[in-house]
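Data block below; observations after.
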Amino acid sequence: GAVVSQHPSWVICKSGTSVKIECRSLDFQATTMFWYRQFPKQSLMLMATSNEGSKATYEQGVEKDKFLINHASLTLSTLTVTSAHPEDSSFYICSVGGLAGYNEQFFGPGTRLTVL
Amino acid sequence: QKEVEQDPGPLSVPEGAIVSLNCTYSNSAFQYFMWYRQYSRKGPELLMYTYSSGNKEDGRFTAQVDKSSKYISLFIRDSQPSDSATYLCAMSAGGFKTIFGAGTRLFVKA
């Protein structure tokens with residue numbers, strides 16, 4: 001399967017600052033990447049679908065101006081949490097689709113964001 | 001009603017036991033069924049990937065899909081303490097959208 005990395009693995013920031021999370025597909029050219037958020041003991045919630053060279057598609061209820069997604073190349077997508085607040089504290093995970101299609105997703109290790 | 005229902009557990013079993021994990025779903029359009037394992041503070045890892053109904057075996061893991069009952073299962077034979085994790089079922093009708101269950105926390109005691 002595809003190998004996906006994320007950076008940073010954890011970040012602590014003050015309320016009001018912006019945080020950028022990188023997602024890299026190390027061995028697979030991914031035209032599409034997915035961004036999820038996971039709260040403690042809860043399942044993965046899809047935030048947006050990131051398309052290389054075009055605008056991301058956001059799920060209902062996700063603020064596109066707050067969660068900025070850029071997919072500038074086939075191996076890199078970034079998620080920027082702008083003006084972060086404590087309620088944005090969560091585990092953010094990206095994924096790429098596998099050779100069998102987007103149903104077979106391979107996930108990065110996740111980024112834990114804590115906003116003070 | 002959620003599209004995918006999964007008992008969050010926790011499920012605690014002794015080492016060597018056979019573990020049965022299950023999910024039910026309501027959307028008859030689902031065709032692709034997956035099981036992921038997630039260790040604490042890590043991203044999910046794909047364990048099993050099944051298309052339509054039937055069984056699939058991989059080592060100690062067996063996935064079953066019964067579309068007529070809208071029910072999927074994951075069996076773990078000879079469970080090990082290293083199997084302790086959260087197991088997420090996931091399913092899709094095709095395309096980009098995948099729906100995940102809430103995950104079942106499994107503890108295998110040595």
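Out of (1) of a type in the set (A, V, I, L, M, F, W, C); (2) more than 25 Å from A:Glu87 (Cα to Cα); (3) within 11 Å of chain B (Cβ to nearest Cβ); (4) touching a His at 6+ places or on another chain (Cβ under 9 Å), what's the single condition that is false for A:Ala30?
(3)
Would you pick out the residues in region A:38-51 that are farther than 16 Å from A:Leu68 by Cβ, without any contact (Cβ under 8 Å) to a residue 40 or more places away in the chain and either away from chain B (no Cβ under 14 Å) or not in a loop (DSSP other than H, G, I, E, B) (or both)?
Answer for region A:38-51, where residues must be farther than 16 Å from A:Leu68 by Cβ, without any contact (Cβ under 8 Å) to a residue 40 or more places away in the chain and either away from chain B (no Cβ under 14 Å) or not in a loop (DSSP other than H, G, I, E, B) (or both): A:Met45, A:Leu46.
I'd like the residue in region A:87-103 that is more than 14 Å from A:Pro8 (Cα to Cα) and in a strand (DSSP E or B) and, out of all such residues, is modelled with the highest pLDDT.
To start, the set of residues in region A:87-103 that are more than 14 Å from A:Pro8 (Cα to Cα) comprises A:87-89, A:95-103.
Imposing the further condition that a residue be in a strand (DSSP E or B) reduces the set to A:95-98, A:101-103.
Values: A:Ser95: 93, A:Val96: 88, A:Gly97: 76, A:Gly98: 62, A:Gly101: 58, A:Tyr102: 57, A:Asn103: 66.
Of everything passing the filter in region A:87-103, A:Ser95 is modelled with the highest pLDDT.
Given the residues A:Asp88, A:Asp65, which is the only one that is of a type in the set (Asp, Glu) and either within 12 Å of chain B (Cβ to nearest Cβ) or in contact with a strand residue (DSSP E or B) (Cβ under 8 Å, 6 or more places away or on another chain) (or both)? First the steps, then the outcome.
Values: A:Asp65 fails: either within 12 Å of chain B (Cβ to nearest Cβ) or in contact with a strand residue (DSSP E or B) (Cβ under 8 Å, 6 or more places away or on another chain) (or both).
On inspection, the qualifying residue turns out to be A:Asp88.
Restricting to region B:41-77, and then to whatever is over 23 Å from B:Ser26 (Cβ atoms) and surrounded by fewer than 13 Cβ atoms within 10 Å (Cβ to Cβ), can you tell me which residue is farthest from the other protein chains (Cβ to nearest Cβ)?
The selected residue is B:Glu57.
Within region B:72-108, count every residue that is aromatic (Phe, Trp, Tyr) and modelled with pLDDT of 95 or more. Can you show your working first?
So the first thing to find is which residues in region B:72-108 are aromatic (Phe, Trp, Tyr), and the list is B:75, B:87, B:96, B:100, B:107.
If we keep only those that are modelled with pLDDT of 95 or more too, we end up with B:75, B:87, B:107.
Residues meeting the conditions: 3.
Inside chain B, counting only strands (runs of 3 or more DSSP E) that do not spill past its ends, which hold 2 or more residues that are of a type in the set (Val, Ile, Thr) and touching a residue at least 24 places away in the same chain (Cβ under 8 Å)? Even if it seems obvious, please write down each step before you answer.
Working: elements: B:11-14, B:19-25, B:32-38, B:45-51, B:54-58, B:61-66, B:71-76, B:85-92, B:104-109.
It comes to B:19-25, B:71-76, B:104-109.
Any chance you could count how many residues in region A:15-37 are in a strand (DSSP E or B) and either under 12 Å from A:Gly108 (Cβ atoms) or in contact with a Pro (Cβ under 7 Å, 6 or more places away or on another chain) (or both)?
So in region A:15-37, the residues in a strand (DSSP E or B) come out as A:19-25, A:32-37.
Within this subset, residues satisfying the condition of being either under 12 Å from A:Gly108 (Cβ atoms) or in contact with a Pro (Cβ under 7 Å, 6 or more places away or on another chain) (or both) are A:21-25, A:33-36.
Selection size over region A:15-37: 9.
Which number in (1) farther than 17 Å from B:Leu88 by Cβ; (2) touching a Cys at 6+ places or on another chain (Cβ under 8 Å) marks the one condition that B:Gln1 misses?
The one condition B:Gln1 does not meet is (2).
The values are calculated or read from the model by the stated rules, or taken from the named source; none is laboratory data. These numbers come from a predicted model, not from an experiment. In this analysis, Cβ positions are derived from the backbone assuming ideal geometry, glycine residues included, and neighbour counts consider all displayed protein chains.
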